[in-house]
Amino acid sequence: MRSLSTKLTASALLSLALLGGCGKKFLDLQPVDQITTVNFYQSESDAIQAVTACYSQLGVGGQYNYALWGIGEIMSDNSFTGGGGGGDGAEEIQLDFFNIPSTNPMVGRLWGGCYVGIGACNLVLQKVPGITNMSDAIRKRSLGEAQFLRAKYYFDLVRAYGDVPLILVPPASPADAQLPRTPAAQIYTQIVTDLKAAIGNLPPVYGGADLGRATTWAATGLLAKVYLTMGDLPNAAIQARAVIANSGKSLWPNYGDNFKVANENGQESLFEVQYVNGLNQYTFDGLGFVGNEFFGPRGQGLVPQGGYGFNIPELEFVQGYEPGDKRKAVTIWSPGDPYPAGSATNAQPASLPGSPYGYNCKKWFVGKVNTNVWDSPLNFPVLRLSEMYLILAEAVGPTPEGYTAINTVRTRAGLPNLTSANTPNFTDAVVKERRYELAFEDDRWFDLKRTGKLLTNPALLAKGIKPFNIVLPIPQSERDANPSLAQNPGY
């Protein structure tokens, strides 16, 4: 039986930032045992490797391979822990029932992973301008990638913890890193500044070995999401319109095509975490995605180690699908769903360990990619074009443009159009559409928070949510290392 517990320290995470990479093609792991800031940052190749380290935290335990599914989904009304019962997934159970100590591993990994990523970005932004042996185009791109990724990491931090230390240059000494928390408004100002700079520095498209790097449209899409979170609806609409009109992206006709290995970095993708598989060992910090195994129906043998059955869809979430919604069959396993040919059993049971109603998360299912290889090559989408339509709809409200935007997403899902006659609350309709369009893409808790619905949500009230749970605790390990960090009230 697998537990979710992890013991990686901040120093281990820092090593990962130097060792890790981010893409199927542009991943290039080099020996780094003799690399220092004195003999590195000398060439274009050095700059590219340094930027690759900026991406590395996206794919490991501090982000999409562990922490964010606990915070973004299990803390929301979309899912509950599941697993093997008892203490299995203890850190997820703490989040699930809002009994969150400052030592919670998922809380600690998100903070640590974001700051390791920010540190790598700060090094690029400090060192790359001084490299003479590189092209202007790669220099500009490298700075844009670091600006985009620094903004992304700070966006996750400020949404999760509120005020956080703002570090924009590499600390010269450990004491220089012991900063107090910066007001959230100032963090958002820096995020917007970085994304505007990234939009000017990044290219609109990539090809070949660079496919998967951040583009100007990834930065524009993230800026739209940031403005929406800030409540700046006019600017959110401007950025979302720009992506829809000018990015060259289009919706896949079939919603499920977004979640196939063959379609990665495809026509609807604005930015995604790049994964490659091949490990037969248990780790959140390899180069593959663990969701195939962790979310697989427990003990059903559909995935290499049998499936751990975490991140179980809540019954209310499942019952909330509208009749005919094509996204349901892509997103969840339901009782009676047929299993792939060659499976030990024929179909999803009516109940199974960790899932009393027989539901499991299906969106990240790949199956037995290779015998005894437990991780998955399926990328994780961070931004898709469909979200831009929903951001536009929410930003402009119940206008003709707003209805057109939300109905574009609903039409692909096989649902009837919304109109002023059948939509009493347009904003609620958009938030619900986001729930089902972006299910298990780690957005739901953040959506409930920014729309002020966390503390009125019946499912979360039943699980014991309290007013101070609108932010996470500051990890105790970080407060031990930095006495300047004040704890969030209530923790």
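A short reminder: the numbers here are calculations on the coordinates, not readings from a lab. This structure is a prediction, so every number in the text was calculated from the model and none was measured. We place every Cβ from the backbone using ideal geometry, glycine too, and count neighbours over all the protein chains shown.
Specify the inter-centroid distance of the stretch 391-436 and the stretch 261-289, based on alpha-carbon positions, in whole Å. Each part's Cα centre sits 31 Å from the other's. Here each label is just a point 7 Å from Cα along the line to Cβ, and for Tyr282 and Lys453 those points are 3.6 nm apart. Please list the helices of the chain that count as membrane-span-like by this rule: a mean Kyte-Doolittle hydropathy of at least -1.0 together with Cα atoms stretching 20 Å or more along the helix axis, each helix being a complete DSSP H run. Counting only whole DSSP H runs, the qualifying helices are 105-127, 136-161, 184-201, 216-230. Taking a ≥ b ≥ c as the square roots of the eigenvalues of the Cα gyration tensor, the chain is classed as rounded, since a/c falls below 1.5.
Here r is the Cβ-Cβ distance between Leu233 and Gln42 and R0 is 30 Å; the resulting FRET efficiency, rounded to 0.05, is 0.05.
Simple spin-label estimate for Ala347 and Ile138 gives 5.7 nm between the two label positions (7 Å along the Cα-to-Cβ direction from each Cα). Taking the centroid of alpha carbons for each part, the stretch 443-491 and the stretch 37-61 are 33 Å apart. A Cβ-based charge dipole, computed about the Cα centre of the chain with Lys and Arg at +1 and Asp and Glu at -1, lands at about 380 debye. Here Asn417 and Asn254 are evaluated by their C-beta separation; at R0 = 22 Å the FRET efficiency comes out at 0.70.
Each of Lys152, Lys225, Lys363 was scored by other Cβ atoms within 10 Å of its Cβ. Listed from fewest to most, they are Lys363, Lys225, Lys152. Straightening the chain between Leu211 and Ser477 buys 92.0 nm, computed as 0.36 nm per residue apart minus the Cα-Cα spacing.
On the beta carbon distance between Val318 and Gln126, with R0 = 41 Å, the FRET formula returns roughly 0.25.
Normalising the average separation of contacting C-alpha pairs (under 8 angstrom, six or more residues apart) by the number of residues puts the relative contact order of the stretch 255-379 at 37 percent. DSSP finds beta bridges in the chain, and of those with both partners inside it, around 100 percent are antiparallel. Charges were assigned to the Cβ only: +1 to each Lys and Arg, -1 to each Asp and Glu. The resulting dipole of the stretch 161-258 about its Cα centre is roughly 200 debye.
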